[in-house]
1. Of these, Thr30, Thr67, Thr21, which one is touching a strand residue (DSSP E or B) at 6+ places or on another chain (Cβ under 9 Å), surrounded by fewer than 18 Cβ atoms within 10 Å (Cβ to Cβ), hydroxyl-bearing (Ser, Thr, Tyr) and modelled with pLDDT under 90?
2. Quickly run through segment 43-63 and pick out the residues that are open to solvent by 60 Å² or more (accessible area, probe 1.4 Å) and charged (D, E, K, R).
3. Kindly indicate which of Thr3, Thr8, Thr40 is among the hydroxyl-bearing types (Ser, Thr, Tyr), at pLDDT below 90, open to solvent by 30 Å² or more (accessible area, probe 1.4 Å) and touching a Lys or Arg at 6+ places or on another chain (Cβ under 9 Å).
4. Mind listing whichever residues of segment 47-60 are more than 15 Å from Val86 (Cβ to Cβ) and part of a loop (DSSP other than H, G, I, E, B)?
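The values are calculated or read from the model by the stated rules, or taken from the named source; none is laboratory data. Quantities reported herein were computed from a predicted structural model and do not represent experimental measurements. Ideal geometry is used to build each Cβ from the backbone, glycine not excepted, and the neighbour counts take in all protein chains shown. These area figures cover heavy atoms from the full protein model, side chains too; ligands, DNA and RNA do not enter into them. Shrake-Rupley method; radii C 1.70, N 1.55, O 1.52, S 1.80 Å.
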Amino acid sequence: MTTCGIVTKSLLLLAVVVALTGRGSAADWTVSECCTRVSTQQITETIVDYMVQQRNNHCVNAIIFQTESGGLYCFKHDEPWVMRKVRQL
């Protein structure tokens, strides 16, 4: 029960951040868990959208990219290529 509360609070926070930044579309994505670690490697798939995840309990600061195939990938929010891609979207 506690886990559901944490996930719900995380998703609510994410929705607020997305709404305030005017970027991404959290309503289009179903997220069951948060990113607990991030990748440092670039992905080669076409990125179509993103979400911002704030640190909360076991969740880490991350940018979550959604690819054309529907995959969700977590990346370090301050990587130069990640920041460039976010600006492009």
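1. Step by step, each of Thr30, Thr67, Thr21 is checked, and only Thr21 is touching a strand residue (DSSP E or B) at 6+ places or on another chain (Cβ under 9 Å), surrounded by fewer than 18 Cβ atoms within 10 Å (Cβ to Cβ), hydroxyl-bearing (Ser, Thr, Tyr) and modelled with pLDDT under 90.
2. Glu45, Arg55
3. Residue meeting the stated conditions: Thr40.
4. Across segment 47-60, the qualifying residues are Arg55, Asn57, His58, Val60.
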